[in-house]
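Let me begin by presenting the structure, written as structure tokens, before commenting on it.
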Amino acid sequence: MKLENQHKLLILLALIFTYLAFHFPYTYYDLLPDMIPVHFNFFGEADKWAAKSIASVFMGPSIFGLTMLIMLFIGWWMTKNEDPLKFINAPKEKLAKLSLETAEEIRRFTLLHLLIITFLISIMSFVITINQILIALGQPSNLAFSLAIITFTLVADSLYLTYKIWRLIG
């Protein structure tokens with residue numbers, strides 16, 4: 001299986017947002033105060049602060065970046081294996097009934113949505129990082145609204161992926 005243009009676009013956008021999640025803290029590091037927000041509650045308000053350090057500023061983007069790299073590796077691995085049935089976790093009797101065409105459709109659909117989820121995670125990392133900097137600099141933030149939209153989209157896409165695969169497996 002080869003990556004399609006939409007896959008490549010999602011990967012490129014995820015890499016750009018991940019880069020930006022590292023770039024902005026690097027750019028504004030010297031302007032940040034001695035204490036910066038490192039955790040936010042459900043309403044997007046900073047509820048935990050830490051002393052400014054390389055670790056406290058870059059921990060969030062690093063965790064999200066590592067998650068993104070793992071998901072991209074899984075996507076790459078999915079394209080390199082020739083047997084699409086290897087990616088389907090279903091009872092053996094259901095796997096035996098699946099045609100190779102249906103298994104390939106499941107693989108393509110799963111890869112696309114894995115990359116969509118990866119893209120959304122990179123946006124989430126970027127939004128959290130930007131808001132961390134804004135709050136630290138005393139600027140207004142709309143983190144709760146942004147994260148609510150991203151989280152809703154992540155959950156909706158995950159549920160759609162699950163539903164569609166469940167329907168294809170039968």
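The values are calculated or read from the model by the stated rules, or taken from the named source; none is laboratory data. Only a predicted model underlies this, so the values are computations on that prediction, with no experimental measurement involved. Every residue, glycine among them, receives a Cβ derived from its backbone with ideal geometry; neighbour counts consider all protein chains shown. Note: accessible area is taken over every heavy atom of the protein model, side chains too, but ligands, DNA and RNA are not part of it. Shrake-Rupley method; radii C 1.70, N 1.55, O 1.52, S 1.80 Å.
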Using the Cα centre of the chain as origin and beta-carbon charges of +1 (Lys, Arg) and -1 (Asp, Glu), tell me which of Phe119, Ser99, Trp49 is placed farthest towards the positive end of the dipole. Ser99
What is the sum of charges around Met1, taking Lys and Arg as +1, Asp and Glu as -1, for the other residues whose C-beta is under 10 Å from the C-beta of Met1? +1
May I ask for the angle, rounded to the nearest 10°, between helix 100-136 and the longest principal axis of the chain, with both axes built from Cα atoms and the value confined to 0 to 90°? 0
Distance in nm between label sites at Asn142 and Glu82, each 7 Å beyond Cα in the beta-carbon direction? 5.2
Whenever you get a sec, compute what percent of the accessible area on the range 69-134 sits on carbon and sulfur atoms (1.4 Å probe). 66
The helix 5-28 Cα axis meets the longest alpha-carbon principal axis of the chain at an angle in degrees, between 0 and 90 and rounded to 10, of 20
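Given a 1.4 Å probe, how much area per residue of the chain is accessible, in Å²?
Numbers: 10290 Å² over 170 residues.
In whole numbers, the chain has 61 Å² accessible per residue.
Taking a ≥ b ≥ c as the square roots of the eigenvalues of the Cα gyration tensor of the chain, is the shape rounded (a/c under 1.5), prolate (a/b larger than b/c) or oblate? Walk me through the intermediate numbers first.
On the way: a/c = 3.16, a/b = 2.35, b/c = 1.35.
Prolate shape, in that a/c is at least 1.5 and a/b is the bigger ratio.
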FRET efficiency (Leu112, Lys48; Cβ distance; R0 45 Å; to 0.05) is 0.80
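Relative contact order of the chain: what whole-number percent is it, with Cα pairs under 8 angstrom and at least 6 residues apart? Kindly include the intermediate steps, with their values, before the conclusion.
Working: 181 pairs, mean separation 56.6, N = 170.
Contact order relative to length: 33 percent.
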What's the angle, to the nearest 10 degrees (0 to 90), between helix 143-169's Cα axis and the longest principal axis of the chain? 10
Using 0.36 nm per residue, how much length does the chain from Asn5 to Thr153 gain when fully extended, once their Cα-Cα distance is taken away? 51.1 nm
Name the long-range amide H neighbours of Ala50: under 5 Å, sequence gap of 5 or more, or other chain; modelled H, no Pro or chain starts. Ile36, Val38
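Among residues other than Thr79 whose Cβ falls under 14 Å from its Cβ, what is the net charge (Lys/Arg +1, Asp/Glu -1)?
+2
Test of the criteria: in the range 30-106, which GluC sites (Glu not before Pro) are in a DSSP loop and have at most 15 other Cβ atoms within 10 angstrom of their Cβ?
Numbers: sites: Glu45, Glu82, Glu93, Glu101, Glu104, Glu105; in loops: Glu45, Glu82.
Within the range 30-106, the qualifying GluC sites (Glu not before Pro) (loop, at most 15 other Cβ atoms within 10 Å) are Glu45, Glu82.
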